[in-house]
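Engineer: My questions all concern the structure below.
The values are calculated or read from the model by the stated rules, or taken from the named source; none is laboratory data. Quantities reported herein were computed from a predicted structural model and do not represent experimental measurements. Cβ atoms come from the backbone with ideal geometry, glycine included; neighbour counts cover every protein chain shown. For accessibility, only protein heavy atoms count, side chains too; no ligands or nucleic acids. Shrake-Rupley method; radii C 1.70, N 1.55, O 1.52, S 1.80 Å.
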Amino acid sequence: MTNADFEKLVDTSDEWIISRTGIKERRIADADMFGSDMASNACRNAMEMAGCSPEDIDVLIVGTVTPDYRLPSEACVVQEKLGLVNAVAFDIAAACTGFINGLTIARPMIETDPTKKCLVVGCEKLSSITNYKDRGTCVLFGDAAGAAVLAADTNGGGIISTFMKSDGRLGELLWQEIGGTKNPYTPENVYNGRDKLIMSGSEVFKVAVREMSIASEKVLKDAGLTGDDISLVIPHQANIRIIDALAKRLKVDKSRVFINIEKYGNTSSASVPLALDEANRQGKIKPGDYVLLVAFGGGLIWGAALVKW
Ligand code: COA
């Protein structure tokens with residue numbers, strides 16, 4: 001969906017969207033494609049790249065806030081689609097931080113048992129919870145999935161340090177009020193669009209810049225490194241102005257920050273793995289490079305992971 005498509009839906013303009021967000025296009029899944037389909041495709045590609053088969057996977061962790069069902073978990077649906085017969089599969093509902101939380105949880109599993117292989121996925125069908133009458137949110141979001149296979153590295157690479165934090169007091173700055181057990185769907189709520197994402201954009205913006213910077217500095221400090229040591233920052237792609245502000249605070253030149261927001265918009269938990277995969281396939285990451293992953297999302301929740309490639 002292009003910015004021109006949104007000009008026909010709400011009172012907005014290509015110029016406003018690009019200058020305020022950096023987004024030009026987003027991908028919208030067909031009606032019969034769900035998060036588990038996108039996740040399964042991403043997982044197949046990741047397993048192919050890692051040279052492993054479905055039987056090799058011990059753990060599947062799926063970050064999503066837009067699962068196909070409430071029960072079973074998205075992870076169990078994906079497990080069935082992929083035939084991960086030897087795995088345990090579970091979800092993390094950490095919005096845009098889901099992939100980084102997944103890496104953080106998988107890391108000690110592999111450190112404890114270096115034979116383990118973990119598949120970590122972020123997948124979202126955000127179009128299913130986007131209010132296409134609200135110009136303040138609808139232009140931002142897209143659908144996607146991204147995945148990575150994690151295994152012990154004998155060449156000194158790995159996840160060096162991680163950080164996770166949340167502040168539930170700020171939950172209503174970005175939420176879906178209707179649809180849970182407390183406020184179930186009713187015709188009136190659905191009619192009023194209260195079953196979709198609701199966001200206080202400018203307030204979320206300020207917290208995002210502050211906390212993504214703090215999380216990044218924390219994982220760098222824990223590893224005894226500074227922004228100068230980072231070959232590539234892969235930030236959550238929510239808004240180009242948030243990414244610019246983060247790069248400035250970390251004193252990292254924009255040439256060392258991976259950006260693909262213009263093509264996909266904000267894809268929540270899929271954003272970081274999608275960007276990581278694109279950067280990797282484009283040859284932007286070399287063995288021995290330090291790569292900083294950092295994300296922020298509804299909860300509010302945020303986190304960072306420092307990876308030696
Ligand atoms: N087109 C045109 N005008 C728009 C618009 C759109 N799509 N969306 C909002 N506006 C208007 C507002 O109505 C407001 O108009 P007003 O001054 O007449 O009231 C004006 O633009 C400024 O709105 P504001 O919300 O202050 O804009 P902003 O500069 O903060 O940008 C966001 C809005 C949503 C792009 C920005 O706040 C943002 O990206 N926030 C963080 C989002 C985020 O990261 N969310 C997820 C975390 S994972």
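Engineer: Which residues, taken from region 172-193, are within 24 Å of the chain's Cα centre (by Cα) and among the polar types (S, T, N, Q)?
Structural biologist: GLN176
Engineer: Got at least one residue in region 279-289 being within 15 Å of the ligand (Cβ to nearest atom) and closer than 23 Å to GLY63 by Cα?
Structural biologist: For region 279-289, residues within 15 Å of the ligand (Cβ to nearest atom) and closer than 23 Å to GLY63 by Cα: absent.
Engineer: Moving to a separate point now. Residue under question is GLY136, and the condition is that it be assigned by TED's automatic domain parsing to the domain that holds THR64 and within 15 Å of the ligand (Cβ to nearest atom); does it hold?
Structural biologist: yes
Engineer: (1) assigned to a loop (DSSP other than H, G, I, E, B); (2) open to solvent by 30 Å² or more (accessible area, probe 1.4 Å); (3) free of Cβ contacts under 8 Å to residues at least 24 places away in the same chain: which one isn't true of SER202, the others all being true?
Structural biologist: (1)
Engineer: Starting from residues that are in contact (Cβ under 8 Å) with a residue 40 or more places away in the chain, more than 16 Å from the ligand (Cβ to nearest atom) and small (Gly, Ala, Ser), keep the ones in region 217-259 and report whichever is nearest to LEU140 (Cα to Cα).
Structural biologist: Top of the filtered list is SER231.
Engineer: Something else: Looking at the structure I just gave you, is GLY146 touching a strand residue (DSSP E or B) at 6+ places or on another chain (Cβ under 7 Å), open to solvent by less than 10 Å² (accessible area, probe 1.4 Å) and assigned to a strand (DSSP E or B)?
Structural biologist: Answer is yes for this residue.
Engineer: Within region 74-104, count every residue that is open to solvent by less than 60 Å² (accessible area, probe 1.4 Å) and under 16 Å from the mean Cα position of the chain (by Cα).
Structural biologist: Selection size over region 74-104: 15.
Engineer: Next up: I want to confirm something. Restricting to region 121-136 and keeping residues that are in a strand (DSSP E or B) and hydrophobic (A, V, I, L, M, F, W, C), which single residue is nearest to ILE61 (Cα to Cα)?
Structural biologist: Per the criteria, the residue is VAL121.
Engineer: Here's another thing I want to ask about it. Out of everything in region 151-188 that is within 30 Å of GLY288 (Cα to Cα) and of a type in the set (A, V, I, L, M), what residue ends up being most open to solvent (accessible area, probe 1.4 Å)?
Structural biologist: The qualifying residue most open to solvent (accessible area, probe 1.4 Å) is MET164.
Engineer: Got at least one residue in region 24-35 being within 10 Å of the ligand (Cβ to nearest atom), open to solvent by 60 Å² or more (accessible area, probe 1.4 Å) and over 23 Å from ALA147 (Cα atoms)?
Structural biologist: No, because not a single residue in region 24-35 is within 10 Å of the ligand (Cβ to nearest atom), open to solvent by 60 Å² or more (accessible area, probe 1.4 Å) and over 23 Å from ALA147 (Cα atoms).
Engineer: Suppose we keep only residues that are under 19 Å from the mean Cα position of the chain (by Cα) and crowded, with 18+ Cβ neighbours inside 10 Å within region 206-225. Which one would you say is farthest from VAL65 (Cα to Cα)?
Structural biologist: If we take residues in region 206-225 being under 19 Å from the mean Cα position of the chain (by Cα) and crowded, with 18+ Cβ neighbours inside 10 Å, then VAL219 is farthest from VAL65 (Cα to Cα).
Engineer: Could you list, ordered by first residue, the pairs with Cβ atoms under 6 Å in which the first is in region 4-21 and hydrophobic (A, V, I, L, M, F, W, C) and at pLDDT 95 or above and the second is within 7 Å of the ligand (Cβ to nearest atom) and open to solvent by 60 Å² or more (accessible area, probe 1.4 Å), at least 6 apart or interchain?
Structural biologist: Going by the 6 Å Cβ cut-off, the qualifying pairs are VAL10/ARG135.
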